[in-house]
Amino acid sequence: MIESRPELSKLSDYVPGKSIEEIRERFGLAKIVKLASNENPMGASPKAVEAIHGIADSLHLYPRGDAPNLIGALSNFYSVKKSQIVVGNGSDEIIDMVGKAFIRSGDNCVAITPTFSVYKFTTLSNGADFIGVGEGDGKTSLDDLLAKVNSKTRVVFICSPNNPTGVYYTAAELENFLSKVSSSTLVFLDQAYAEFATAEDYPQMFNFLEKYPNLLINRTFSKIYGLAGIRVGYAIAGEEVIKALWKIKPPFDINQAAQVAAIAALGDREHVERTLKMNREGLEYLKNEISAMGFKVLETQGNFICVHIGEKAKDMVAFLEQRGMIIRGLSSFGLPEHVRITMGRPEENQFLVKLMKEWVG
């Protein structure tokens, strides 16, 4: 028998949210609403869809691996150098590339927890130790995070807004951390949900890149732009960090459709504004309705809410699924008494509230 790498024994399978097809097959339902995976209920940017149709005749050709037009569009959008940008097949691949480029066997990586599980997966798969700091649904202090960083720490993962809790860190908190952590430690600031943030003190952080060359800012087209199905993520950092990532980046990972769709979506401000308006209204509605049922709803800067249901959270998730409503139970995040709910269209949010009231009753 061929033996796999010993690191694999430490890994658990990724636990995704349940799909519409899975619930349809299990319960034989016609109407199913999915509010579990933080997808954009408005769908993809219409300009992105149009752009995809426009390249249908060239699908037999390999894409440009260096994605020059997409890199150029991102450079103009964020006013950063092209040499400060790398693109990947979703944020997952960006994280994987960071692991391959910077994480060695015997190192460690530190992250606020609970958080996105791919940070731990990447750390362990590269032979390093994962150190999670924080528990429950509160906000972890970056000073507590700093206390766990040592000479073997290669990457610190900070998700802000954090998935699944929705908490965020201000520029003052992040700069204080950056000023104290070693310049040999990469600080991976995951801002996948940044476009949804409405707090006045939520920071973009691009103006800190020159001062802190060990800072990497991760973004994605999966959330506000609605392109989760074609996988486009990107990182913006100092030139030396980006140069290392390009060395291990697969040559044709960003397909033609993804490249043209991302460029079009980046310029579709109308779609972004519609999404933000619906998100704001959905957050207010669900927070008020769910709080009125007696449940704790965490403050959020994302397109989702984290709700403390209690010891029967798993029962509620099952009840909803049987009736065609998919939300995310958070046991795999270490929060077995919580659920995460993505903002949907108004009628979808109303359907959720109706079912939750039935369960409470």
TODO: Return yes when THR300 is under 16 Å from ALA197 (Cα atoms) and in a loop (DSSP other than H, G, I, E, B) and no when it is not.
DONE: yes
Notebook entry, point to check: Looking at this structure, is ALA30 within 26 Å of LEU283 (Cβ to Cβ) and not in a helix (DSSP H, G or I)?
Noted result: no
If we take the stretch 212-297, then helices (runs of 4 or more DSSP H) inside it with 2 or more residues that are loosely packed, with under 15 Cβ neighbours inside 10 Å and at pLDDT 95 or above are 239-248, 269-292
Exception for GLY65 within (1) closer than 23 Å to VAL272 by Cα; (2) part of a loop (DSSP other than H, G, I, E, B); (3) over 22 Å from the mean Cα position of the chain (by Cα) falls at (1)
Given the condition charged (D, E, K, R) and closer than 19 Å to PHE116 by Cβ, answer yes or no: does some residue in the stretch 227-234 qualify?
yes
Contact list, first residue from the stretch 120-145 and closer than 19 Å to ASN176 by Cβ, second anywhere and open to solvent by 20 Å² or more (accessible area, probe 1.4 Å) and hydrophobic (A, V, I, L, M, F, W, C), beta-carbon distance below 6 Å, six or more apart or interchain, is LYS139/VAL167
In the stretch 75-89, anything more than 16 Å from ILE230 (Cβ to Cβ) and either among the acidic types (Asp, Glu) or in contact with a Phe, Trp or Tyr (Cβ under 7 Å, 6 or more places away or on another chain) (or both) is listed as TYR78, VAL80, ILE85, VAL86
When the stretch 329-346 is checked residue by residue, the ones that are within 15 Å of VAL297 (Cα to Cα) and either in contact with a Pro (Cβ under 6 Å, 6 or more places away or on another chain) or not in a strand (DSSP E or B) (or both) are LEU330, LEU335, ARG340, MET343
Selection from the stretch 30-65 of residues open to solvent by 60 Å² or more (accessible area, probe 1.4 Å) and over 30 Å from LEU330 (Cα atoms) yields PRO46, LYS47, VAL49, GLU50, HIS53, GLY54, ASP57, LEU59, HIS60, LEU61, TYR62, ARG64
Of GLU337, GLU348, the only residue that is under 25 Å from the mean Cα position of the chain (by Cα), more than 28 Å from PHE121 (Cα to Cα) and open to solvent by 20 Å² or more (accessible area, probe 1.4 Å) is GLU348
Scanning the stretch 6-25 residue by residue, the ones that are out of contact with any Asp or Glu (no Cβ under 8 Å at 6 or more places or on another chain) and either in a helix (DSSP H, G or I) or among the hydrophobic types (A, V, I, L, M, F, W, C) (or both) total 12
Within the stretch 1-24, the residues that are β-branched (Val, Ile, Thr) and loosely packed, with under 13 Cβ neighbours inside 10 Å are ILE2, VAL15
Among helices (runs of 4 or more DSSP H) entirely within the stretch 81-187, at least 1 residues that are open to solvent by 40 Å² or more (accessible area, probe 1.4 Å) and either under 27 Å from THR198 (Cβ atoms) or touching a Lys or Arg at 6+ places or on another chain (Cβ under 7 Å) (or both) occur in 90-102, 142-147, 171-180
So, first residue farther than 23 Å from ASP137 by Cβ and without any contact (Cβ under 8 Å) to a residue 60 or more places away in the chain in the stretch 162-190, second residue open to solvent by 30 Å² or more (accessible area, probe 1.4 Å) and part of a helix (DSSP H, G or I), Cβ within less than 6 Å, six or more apart or across chains; the pairs are LYS180/LEU146
Exception for PHE27 within (1) within 17 Å of PHE351 (Cβ to Cβ); (2) surrounded by 18 or more Cβ atoms within 10 Å (Cβ to Cβ) falls at (2)
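To keep it simple, each residue is scored yes or no on (1) touching a Gly at 6+ places or on another chain (Cβ under 9 Å); (2) more than 21 Å from GLY72 (Cα to Cα).
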position	(1), (2)
TYR212	yes, yes
PHE221	yes, no
GLY238	no, no
LYS243	no, no
VAL272	no, no
**Message:** Could you go through the stretch 48-56 and let me know if any residue there is aliphatic (A, V, I, L, M) and under 21 Å from the mean Cα position of the chain (by Cα).
**Reply:** yes
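The values are calculated or read from the model by the stated rules, or taken from the named source; none is laboratory data. Everything numeric in this text was worked out from a predicted model, so none of it was measured. When we count neighbours, we look across all protein chains shown, and the Cβ atoms used for this are built from the backbone with ideal geometry, even at glycine. Surface areas here come from the heavy atoms of the whole protein model, side chains and all, with no ligands, DNA or RNA. Shrake-Rupley method; radii C 1.70, N 1.55, O 1.52, S 1.80 Å.
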